[in-house]
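The values are calculated or read from the model by the stated rules, or taken from the named source; none is laboratory data. Bear in mind the structure is a predicted one, so any value in this text is a computation, not a measurement. Here the Cβ is made from the backbone with ideal geometry for all residues, glycine too, and neighbour counts use every protein chain on show.
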Amino acid sequence: MSNLNLTRKGLAPTRSNDLFDSGNFFSPFFWDFFGNGSSTALDLARQIPSVNINETEKDYQLEMAAPGLERNDFKVEVEQGVLYISSEKELERKDERKNYTRREYSYNSFSRSFTLPDNCLPDNIVAKYDKGILHITLPKKEVSVSKPTKEIKVS
């Protein structure tokens, strides 16, 4: 299990004592405030990108599924031991015909934050976007293993 703690800015755990360890947080039904499987609840759940976190001996690897975005749509920052990942995308479609003009606007955004473990090197974090997945590598500090004390006899 990873040492990264998942938090959401502005949301307090009110529906579950063990909210972030349960698999229900990202379920559309958690956000269904009207209890009827409303499209609003489903839309909100779709806007929160899925994240996988893997820990290796050298680093933590975070993968966020975000298809349809471009590398310039992401903002990745570290502030006071917290990794912030956000994105905003605005689209406008305009269809002009002889008798009418049709305009459609779309705006999508999300924000995720992760508390970094103490053994992470925030200055060396690398982010890469490839084929709909944002890959973030968080290198670990090298842990120096202290050797046992060796007594030297004085002659």
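Determine whether the range 50-67 contains at least one residue that is modelled with pLDDT under 90 and touching a Ser or Thr at 6+ places or on another chain (Cβ under 8 Å). The answer is yes, given that some residue of the range 50-67 is modelled with pLDDT under 90 and touching a Ser or Thr at 6+ places or on another chain (Cβ under 8 Å). For the range 79-155, the strands (runs of 3 or more DSSP E) that sit wholly inside it and include 3 or more residues that are over 17 Å from residue 67 (Cβ atoms) and in contact (Cβ under 8 Å) with a residue 24 or more places away in the chain are 82-96, 101-115, 133-139. Residue 135 falls short on exactly one of the conditions (1) loosely packed, with under 11 Cβ neighbours inside 10 Å; (2) at pLDDT 90 or above, and that condition is (1).
The criterion of being loosely packed, with under 15 Cβ neighbours inside 10 Å, over 10 Å from the mean Cα position of the chain (by Cα), modelled with pLDDT of 90 or more and in a strand (DSSP E or B) holds for residue 75.
I'd like to check something: does the range 98-114 contain any residue that is in contact with a strand residue (DSSP E or B) (Cβ under 8 Å, 6 or more places away or on another chain), surrounded by 14 or more Cβ atoms within 10 Å (Cβ to Cβ) and under 20 Å from residue 57 (Cα atoms)? Scanning the range 98-114, I find at least one residue that is in contact with a strand residue (DSSP E or B) (Cβ under 8 Å, 6 or more places away or on another chain), surrounded by 14 or more Cβ atoms within 10 Å (Cβ to Cβ) and under 20 Å from residue 57 (Cα atoms), so the answer is yes.
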